[in-house]
Amino acid sequence: MTDYKYKRVLLKLSGEALMGEGGYGIDPKVVDHLAKEIKVIHDDGIEVGVVVGGGNIFRGVAGAAGGMDRAQADYMGMLATVMNALALQDGFERNGMTARVMSAIKMDEVAEPYIRRRAIKHLEKGYIAIFAAGSGNPYFTTDTAAALRACEIDADCLMKATKVDGIYDADPMKNPDAKRFDTITYREVLTRDLKVMDATATALCSDNNMSMIVFNIDQPHVFADALKGLPVGTTVVGEETH
């Protein structure tokens, strides 16, 4: 535990991170792999909260673009995140961890309601708290929900898992000369329009001085290495920290 810079973290996973090579849905092998990686830090005493997206099942913005009512499409996306949260809970518990799914939309048969103080108690007991259904409001992304929950549970750090090893000054998939930042401020992220998260989530983290680590989820042992402060991604900090 002494090797870690942070004790309580909020991990933001995209829904796409769960679908593996299938291109859609949930791959149990991917979930099991994620659970094993998270178990390393969990067993070392790190308190872990998780927010997961729903883009592997349904994306509200895409639904709205296809002609659906935006609010209705967003609610459908929230329900997709609950399915992903239940899959993660199953994966965590099959790997010997206790996990609680807490939903921002009431559905008592499958999840607890999200109550901030109860979530903190779960974390203090060593349970993994999986926050489902986004913030419970349409027009807000799961990135914003992750920033909100991180602030609410007083997390030491927001961890954003992506497919690239940090934040670059240009798209590294398209520009081989793109340069990666080791550290960057939220103000620079907004000024440069780097689209790490949506502007609402970025501003929320900045206003509350919430540090964030952006890293490649496919790197082995990346959760532990990131929390130990090893150079595995980009750290985003507020102006006060910089």
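The values are calculated or read from the model by the stated rules, or taken from the named source; none is laboratory data. Note that the coordinates shown come from a computational prediction; the quantities given were computed from them, not determined experimentally. FYI the Cβ positions are ideal-geometry reconstructions off the backbone, even for glycines, and counts take in every protein chain you see.
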(message) Condition first: surrounded by fewer than 23 Cβ atoms within 10 Å (Cβ to Cβ) and in a helix (DSSP H, G or I). Now tell me which residues in the range 53-73 satisfy that.
(response) VAL61, ALA62, GLY63, ALA64, ALA65, ARG70, ALA71, GLN72, ALA73
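Could you please find all residues in the range 204-232 being over 17 Å from LEU10 (Cβ atoms) and part of a helix (DSSP H, G or I)?
Selection gives ASP225 alone.
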(message) Condition first: assigned to a loop (DSSP other than H, G, I, E, B) and among the aliphatic types (A, V, I, L, M). Now tell me which residues in the range 191-203 satisfy that.
(response) LEU194, VAL196, MET197
(message) Take ALA85 and tell me if it is outside any loop (DSSP other than H, G, I, E, B), over 20 Å from the mean Cα position of the chain (by Cα) and surrounded by 14 or more Cβ atoms within 10 Å (Cβ to Cβ).
(response) no
(message) Going by what's in this entry, would MET173 be described as buried (at least 17 other Cβ atoms within 10 Å of the Cβ) and not small (Gly, Ala, Ser)?
(response) no
(request) Return a yes/no flag: does the range 158-165 have any residue that is surrounded by fewer than 18 Cβ atoms within 10 Å (Cβ to Cβ) and not aromatic (Phe, Trp, Tyr). (result) yes
(message) As an exercise: evaluate ASP27 against (1) in contact (Cβ under 8 Å) with a residue 12 or more places away in the chain; (2) out of contact with any Lys or Arg (no Cβ under 8 Å at 6 or more places or on another chain); (3) more than 27 Å from LYS121 (Cβ to Cβ) and give the number of the one condition it does not meet.
(response) (1)
(request) Could you please find all residues in the range 176-188 being under 20 Å from ASP218 (Cα atoms) and surrounded by 17 or more Cβ atoms within 10 Å (Cβ to Cβ)? (result) PHE181
(message) Would you confirm whether or not the range 139-150 contains a residue that is surrounded by fewer than 17 Cβ atoms within 10 Å (Cβ to Cβ) and either in a helix (DSSP H, G or I) or touching a residue at least 40 places away in the same chain (Cβ under 8 Å) (or both)?
(response) yes
(request) Mind listing just one residue for me: the one in the range 200-218 that is closer than 21 Å to GLU47 by Cα and out of contact with any Lys or Arg (no Cβ under 9 Å at 6 or more places or on another chain) and, of those, surrounded by the most Cβ atoms within 10 Å (Cβ to Cβ)? (result) CYS205
(request) Search the range 31-48 for residues that are small (Gly, Ala, Ser) and pair each with any residue that is at pLDDT 95 or above and surrounded by fewer than 22 Cβ atoms within 10 Å (Cβ to Cβ) when their beta-carbon atoms are under 6 Å apart and the residues are at least 6 apart or on different chains. (result) ALA35/ASN95
(message) Please go through (1) of a type in the set (D, E, K, R); (2) under 16 Å from PRO138 (Cα atoms); (3) at pLDDT 95 or above for GLU93 and return the number of the only condition it doesn't satisfy.
(response) (2)
(message) Let me spell it out: the conditions are (1) within 19 Å of the chain's Cα centre (by Cα); (2) surrounded by fewer than 18 Cβ atoms within 10 Å (Cβ to Cβ); (3) in a loop (DSSP other than H, G, I, E, B), and ASP90 meets all of them except one. Which number is the exception?
(response) (3)
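Please work out which residue is nearest to LEU123 (Cα to Cα), limiting yourself to the range 90-111 and to residues that are of a type outside the set (Lys, Arg) and free of Cβ contacts under 8 Å to residues at least 24 places away in the same chain.
The extreme case among them is GLU93.
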(request) Answer yes or no: is there a residue in the range 30-38 that is outside any helix (DSSP H, G or I) and either over 15 Å from GLU16 (Cα atoms) or among the basic types (Lys, Arg) (or both). (result) no
